[in-house]
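The values are calculated or read from the model by the stated rules, or taken from the named source; none is laboratory data. Computed from a predicted structure; not experimentally measured. Reconstructed Cβ throughout: ideal geometry from the backbone, glycine too, with neighbour counts over all protein chains shown.
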Amino acid sequence: MSDQLIIFDTTLRDGEQSPGASMTRDEKLRIARQLERLKVDVIEAGFAAASNGDFESIQTIARAIKDSTVCSLSRANDRDIARAAESLKGANRARIHTFIATSALHMEKKLRMTPEQVLEQAKQAVRFGRNLIEDIEFSAEDGYRSEPDFLARVIEAVIKEGATTINVPDTVGYAIPELYGEFIRNLRERVPNSDKAVWSVHCHNDLGMAVANSLAGVKIGGARQIECTINGLGERAGNCSLEEVVMAIKTRKDYFGLDVNIDTQHIVAASRLVSQTTGFVVQPNKAVVGANAFAHASGIHQDGVLKARDTYEIMRAEDVGWAANKIVLGKLSGRNAFKQRLQELGVELDSEAAINQAFTRFKELADRKSEIFDEDILALVNAEGAEH
Ligand code: KIV
Ligand code: ZN
């Protein structure tokens with residue numbers, strides 16, 4: 001089995017399904033270019049049959065993007081699939097992603113179809129798509145809540161029809177990591193032609209486990225594609241977040257033993273771009289891309305990081321595109337961090353006693369003010385009559 005993991009970004013499709021996150025064609029193109037810079041393997045650019053605007057956005061992206069595969073979503077019917085293929089004309093590498101729900105609940109209550117009808121429609125969709133484009137992904141919507149025997153039959157059949165990627169979504173974010181991983185593994189074992197396709201995970205974050213579930217799908221289940229979005233943007237509580245899942249694979253290569261193509265130095269810029277475009281603020285304590293993700297406030301941590309960064313940092317801020325890590329001066333800071341900041345500001349105090357005195361004044365100020373800025377420190381030492 002390959003040790004290369006395919007990163008499939010769906011910020012422009014599932015991400016845009018987040019209420020209030022709709023984007024214009026130009027905004028989508030800007031994000032697609034940033035995703036290409038990031039070296040994302042597949043960019044899902046939209047749902048061609050959903051609207052003319054979506055169709056045009058996909059068409060624009062398909063023509064502009066050269067290095068990533070551009071993908072268009074479609075329901076499992078000929079009209080949608082033809083529209084998806086049309087939107088991808090001119091792409092260097094194109095993929096059609098067709099889906100139909102396979103859970104009893106969705107088939108009965110939403111589609112009002114029998115399992116046999118769903119099976120036939122899935123086969124027909126893949127057969128039709130395969131005549132237009134070679135790279136065909138099939139998704140079993142609500143796959144995780146589907147009856148495994150039936151799902152295995154559908155997957156075996158669509159692989160026979162030529163599906164090259166099989167995606168098993170946890171559409172409603174109901175999965176638990178171990179159970180989802182085992183679900184994928186059992187399916188792969190049950191489907192006789194399973195090795196003819198790449199298996200993919202697509203997890204929603206309703207219980208806050210989208211990243212953990214995706215990783216379990218890879219580690220336990222043997223999936224080799226992860227579907228994710230920048231900042232975890234997406235329907236309801238969002239999708240698996242690209243920055244988190246990628247940095248987990250990279251930082252814990254000792255455990256996963258897998259590689260991703262992603263150029264991680266572009267992660268923060270991608271996060272900022274998506275946040276500014278959609279107006280969705282990134283919470284400060286968000287892993288990897290939150291403003292505090294590499295900030296140290298406690299004196300003990302600051303002292304440790306100043307001596308050796310890996311005492312409290314498992315990855316480097318610079319590796320994901322931050323200029324540097326951050327020592328936040330406040331009431332918890334120690335003398336060491338304060339002294340270091342004086343040096344960075346070019347402040348020279350002539351004795352240890354003078355530093356101690358300035359540090360005492362700094363602590364008094366920090367008790368009144370939650371964050372101390374460089375200007376505060378300069379004002380404080382100037383008042384002490386220091387030269388700098
Ligand atoms: O969550 C989901 O099931 C989806 C499919 C369309 C892949 O987004
Ligand atoms: Zn989804």
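Any residue at all in the range 36-56 that's β-branched (Val, Ile, Thr), within 18 Å of the chain's Cα centre (by Cα) and within 16 Å of ligand 1 (Cβ to nearest atom)?
Narrowing the range 36-56 to residues β-branched (Val, Ile, Thr): 40, 42-43.
Narrowing the set further to residues that are within 18 Å of the chain's Cα centre (by Cα) leaves 40, 42-43.
Filter again for within 16 Å of ligand 1 (Cβ to nearest atom), leaving 42-43.
Within the range 36-56 (the criterion being β-branched (Val, Ile, Thr), within 18 Å of the chain's Cα centre (by Cα) and within 16 Å of ligand 1 (Cβ to nearest atom)), the answer is yes, since at least one residue qualifies.
Restricted to the range 143-164, and to residues that are within 16 Å of ligand 2 (Cβ to nearest atom) and surrounded by 23 or more Cβ atoms within 10 Å (Cβ to Cβ), which residue is farthest from Arg95 (Cα to Cα)?
At the first step, the residues of the range 143-164 found to be within 16 Å of ligand 2 (Cβ to nearest atom) are 143-146.
Those left that are additionally surrounded by 23 or more Cβ atoms within 10 Å (Cβ to Cβ): 143-144, 146.
Details: Gly143: 21, Tyr144: 23, Ser146: 25 Å.
Within the range 143-164, the match that is farthest from Arg95 (Cα to Cα) is Ser146.
Got at least one residue in the range 372-387 being aliphatic (A, V, I, L, M), buried (at least 16 other Cβ atoms within 10 Å of the Cβ) and not in a helix (DSSP H, G or I)?
Let us first name the residues in the range 372-387 that are aliphatic (A, V, I, L, M), namely 372, 377-381, 383, 386.
Subsequent filtering for residues that are buried (at least 16 other Cβ atoms within 10 Å of the Cβ) retains 372, 377-378, 380-381, 386.
If we keep only those that are not in a helix (DSSP H, G or I) as well, we get 372, 386.
Yes, the range 372-387 contains at least one residue that is aliphatic (A, V, I, L, M), buried (at least 16 other Cβ atoms within 10 Å of the Cβ) and not in a helix (DSSP H, G or I).
Could you please give the count of residues in the range 111-142 that are crowded, with 19+ Cβ neighbours inside 10 Å and within 14 Å of ligand 1 (Cβ to nearest atom)?
Going through the range 111-142 one residue at a time, the tally reaches 9.
Could you check the range 37-66 and list, in sequence order, the residues that are part of a helix (DSSP H, G or I), surrounded by fewer than 19 Cβ atoms within 10 Å (Cβ to Cβ) and among the charged types (D, E, K, R)?
Across the range 37-66, the qualifying residues are Arg37, Glu56, Arg63.
Consider the range 202-211. How many of its residues are within 12 Å of the chain's Cα centre (by Cα) and either away from ligand 1 (no atom under 14 Å from the Cβ) or not in a helix (DSSP H, G or I) (or both)?
The qualifying residues number 5.
If we scan the range 285-306, do we find a residue that is among the β-branched types (Val, Ile, Thr), modelled with pLDDT of 95 or more and within 15 Å of the chain's Cα centre (by Cα)?
Within the range 285-306 (the criterion being among the β-branched types (Val, Ile, Thr), modelled with pLDDT of 95 or more and within 15 Å of the chain's Cα centre (by Cα)), the answer is yes, since at least one residue qualifies.
When both residues are 6+ apart or on different chains and their Cβ atoms are under 8 Å apart, which pairs have a first residue that lies in the range 244-256 and is farther than 15 Å from Ala210 by Cβ, and a second that is in a helix (DSSP H, G or I) and of a type in the set (A, V, I, L, M)?
Listed pairs, sorted by first residue: Phe256/Leu215; Phe256/Val218; Phe256/Ala248; Phe256/Ile249.
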